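Following: one structure in structure tokens, then a few remarks.
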Amino acid sequence: MKDFKTLSLTIQGVKNIKEKVTLNLSNISKLSLIRKKKLALAGIYGPNGSGKTALITAIQIAQTIVLHRKSLGYYSDEFLYSILNKDIKRFFFSVDFALFNDFESNKTEAIYRYTLSLREKDSCFRIEEEKIEQLSLLSLNEKPKFLIGSKNGALVFSEKEETPMQKLLIAKTTNLLNGLSFLFSVLENDKPEPKGYSEAWEKGVLYTWLFFQSIEVVLKNEDRHFPDIYLSETNKEEIPTKERHDFNFSEKLFSLHRQGRITFVRKKDIVFYEKHINRLTAFIRVFKPELKSIEINRLEDKDVYLCTNILVYPTYRINEEFESNGIRQLIRLYDALEAGYQGKIVFIDEMDLALSGIYLSKILLFFEEYAKGQLILTAHSLETMDQLRRYSLFFLGEDNRLIKWVNNGHYLPSKVYPDGLIEGIPFNQDEIDFLPAFSEDEEKTKL
């Protein structure tokens, strides 16, 4: 089966991030040096307010715009004004991702770059530019090849002479692409032969769409400023036979959609969900051995079931909604970890809030040993820093600069970081600095 891995991310304009911030996970120039094992884990650390959550939020914004049928119409302008940076009033997102032939091989089939730019116009945020480029397999430093995109609302192809299919797509997207990702229109209207997509731009669109389908984002409840949604889906029967086989669509398109404590499960996926709950039960038992089972309470609603979880203990039963906050966080965390185990790309903000340092270290050991996917997390816990330095470890300072840890002799990040020796993160506060915030003595509050 095909396998996606994130190589780098660049974001700008979310919350307090004014300048472009790049998270470079590969940090290489030649494709032959890419090793998927090194891409399996990445950690981002930094003080409160440095922009860690903003980075994860940017990924979810881009994913929603690409996959949601209503695209920008789903986001209210009030929401975007609240979440985007007030000074620049612009959102920029770019991601480089690699497509591998299968989960076991390091053989790379292609590397793509997807770029999205939003800008305020007439008191609304609209798509200024969106494009897909293909990077060279010989060197990541070579200029990427433009495949397809939209600019100022018009679909653009790399070829000077447009084919009949391209002309049709341009006609069908007229006046739509200011507020709609072009990926939707192309996938819905381009009907390739059963043998598969043949044009480079067709493959770029399909692979980019599948890459975003392969992403799971977990934000803290207080940072989830919009409800969970049904990510849009293309009917797998309309995908050419070759691509359908390569990507195992029955598994790729099964994902959980939560709203509050309710999980929406399509009727055709209920068997997958029941197996998921059985595995979730085994996961929670690691932390609460007395748990007997988790029952699914489901209500029928057209083509979906509205499911809630009932946790069964020896002497009582309790709805997930009324469980402890720790158990609820573990349940939500498991959804993402299972996706990563199966091969998806998982972004988790402040993962150490759901797991203590010791348990988090053990989960990371499990992930690096057994999981097929990629896990990128933010955290504060010192216990996992030394573990992550073998992969990709970053520090985000208050000036929004990302510093990548480079191994240096016997120095350990868990020792250097709290001592304020990471560039841009001095940690130069003393205990006396907190005195004005708590003291009732007016003289002391002037310190």
Quiz item: Ordering K143, K404 by how much accessible area each has at a 1.4 Å probe, largest first, what is the list?
Solution: K143, K404
Quiz item: Spin-label point model (7 Å from Cα, Cβ direction): what's the K20 to I403 distance in nm?
Solution: 2.3
Practice problem: Once you have a ≥ b ≥ c as the square roots of the Cα gyration tensor eigenvalues for region 76-185, tell me rounded if a/c is under 1.5, and otherwise prolate or oblate according to whether a/b is larger than b/c. | Solution: oblate
Self-check item: Flagged links, alpha-carbon separation over 30 Å, of K288/K344; K38/K268; K36/K415; K131/K404; K151/K203; K145/K167
Solution: K38/K268
Exercise. Read phi for every residue in region 296-311 and hand back ³J(HN,Hα) as whole Hz from Karplus 6.51 cos²θ - 1.76 cosθ + 1.60, θ = phi - 60°, with x for Gly and Pro.
Key: 9, 9, 10, 10, 7, 9, 6, 9, 10, 10, 9, 10, 10, 9, 10, 8
Exercise. Report, by chain and number, residues whose modeled amide H sits under 5 Å from the one on V346, excluding near sequence neighbours (fewer than 5 apart, same chain).
Key: E216, Q374, L375, I376
Exercise. In whole angstrom, note down how far apart the Cα centers of region 378-447 and region 91-107 are.
Key: 32
Practice problem: May I ask you to evaluate 6.51 cos²θ - 1.76 cosθ + 1.60, the Karplus curve with θ = phi - 60°, for each residue of region 102-110 and list the ³J(HN,Hα) values in order in whole Hz, giving x for glycine and proline? | Solution: 7, 6, 8, 9, 8, 6, 8, 8, 6
Quiz item: Each residue of region 341-350 in order: what ³J(HN,Hα) in whole Hz does its phi give by Karplus 6.51 cos²θ - 1.76 cosθ + 1.60, θ = phi - 60°, with x for Gly and Pro?
Solution: 4, 7, x, 7, 9, 10, 10, 10, 8, 6
Self-check item: Amide hydrogen neighbours beyond the local backbone of I148, cut-off 5 Å, H modeled
Solution: I132
Practice problem: Highest first, please rank the peptides 170-180, 315-325 by the mean number of other Cβ atoms sitting within 10 Å of their residues. | Solution: 170-180, 315-325
Practice problem: Report D303's accessible area, 1.4 Å probe, all protein chains in place, as a number in Å² to the nearest 10. | Solution: 100
Quiz prompt | Using a Förster distance of 45 Å, the FRET efficiency for E104-Y81 (Cβ separation, nearest 0.05) | solution = 0.45
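The values are calculated or read from the model by the stated rules, or taken from the named source; none is laboratory data. The structure displayed is predicted, hence computed values, not measured ones. Cβ sites come from the backbone with ideal geometry, for glycine too, and all protein chains shown count toward neighbours. Quick note on the areas: whole protein, heavy atoms, side chains included, nothing else; ligands and nucleic acids left out. Shrake-Rupley method; radii C 1.70, N 1.55, O 1.52, S 1.80 Å.
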